[in-house]
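What follows is calculated from the coordinates using simple rules that are stated; it is not laboratory data. Since the model is a prediction, treat every value here as computed from it, not as a measurement. Cβ atoms come from the backbone with ideal geometry, glycine included; neighbour counts cover every protein chain shown.
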Amino acid sequence: MADRRQGRSAVTNSPAGLPTSLAYLNPIRETNMPRSQIDHITITSPTLAAGAAMVREVLGVAPHAGGEHPRMGTHNLLLRLGEEVFLEVISPNPSAPAPQRPRWFALDELEAGSRPRLATWVVRTDDIHETAAAGSEALGRIEPMQRGSLDWLITIPEDGSLPADGVGPALIEWKTGKHPAAGLPDQGLQLVRMELFHAEPERIARLLQSLGLEVEVAVRPLHNANRPYLVAHINTPAGMRILSGAGDQAATSS
């Protein structure tokens, strides 16, 4: 069992002595430590239509129109998962000029036939500069972004890649008073928990602790040379559903 009082990660061993999971726990903080929360999870897709169809198939509801990101040549759809949590479907915008830099969220790597997948997640902080500086590894440059009336700062690697293949989060600091999720229709969906799979679970747990993540997340070892991936457990009016970024496994019911 994990001991929350120690504010560390806890490893559970299998009968053979091999680690099966590593749960990141809320650390004991000093007042000057950064604090962060899960802000949103991101599905990348070659088109918004394909991403919307996947979300509708898995969760039973369709995401709503978001907007465009002119600097990145992308656009998105959104779905509320809580008071200050949402799901984003993002894809290249075929109507926008190609950006003069790599698109974020590794979108330039997608091909026309790529399947939508849960690719990464974003962590919210009130001071992105402090949190980024405290991180155990770099998550990208801090860039100003805008979509309609929304303004924010976000970390983006210069090459557009996903930190730790998507298991490492992006950091975001909203510059608007009301969180974007508050303006989305409430369709009874709730993000319940997340699992992160990586070949170096201790490294990922150390990163989350350095960011001051105030939510428990399961970090599990990755075997068989699979690429790292995320799993999101989402409660819906039809029951628990699971979004998975593992290969072609988009989702299952729980």
Review point. Gap in Å between the Cα centre of segment 64-90 and the Cα centre of segment 133-210?
Key: 13 Å
**Study point:** Placed amide H near V217: partners under 5 Å, 5+ positions off or other chain
**Key:** Y24
Review point. Using a ≥ b ≥ c from the Cα gyration tensor of segment 60-218 (square roots of the eigenvalues), is it rounded, prolate or oblate, where a/c under 1.5 gives rounded and otherwise the larger of a/b and b/c decides, a/b for prolate?
Key: rounded
Check your understanding: What is the spin-label model distance, in nm, from I142 to E202 if the labels are put 7 Å beyond Cα along the C-beta direction?
Key -> 3.1 nm
Exercise for review: Step through the residues of segment 57-74 one at a time and calculate ³J(HN,Hα) from phi using the Karplus curve (6.51 cos²θ - 1.76 cosθ + 1.60, θ = phi - 60°), rounding each to whole Hz and writing x for Gly and Pro.
Suggested key: 5, 7, 9, x, 9, 9, x, 9, 4, x, x, 10, 10, x, 5, 10, x, 10
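For the peptides 93-100, 227-234, what is the packing order when you average, over each peptide's residues, the other Cβ atoms within 10 Å and list the highest mean first?
Descending packing order for the listed peptides: 227-234, 93-100.
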**Study point:** D159 paired with Q37, simple spin-label distance in nm, labels 7 Å along Cα-to-beta-carbon
**Key:** 3.4 nm
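Show me 47-56, 119-128, 62-71 ranked by packing, highest mean number of other Cβ atoms within 10 Å first.
119-128, 47-56, 62-71
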Practice item. Take the Cα of A246, step 7 Å along the line toward its Cβ, and report every residue of segment 145-180 whose backbone nitrogen sits under 19 Å from that point. Key: 165-168
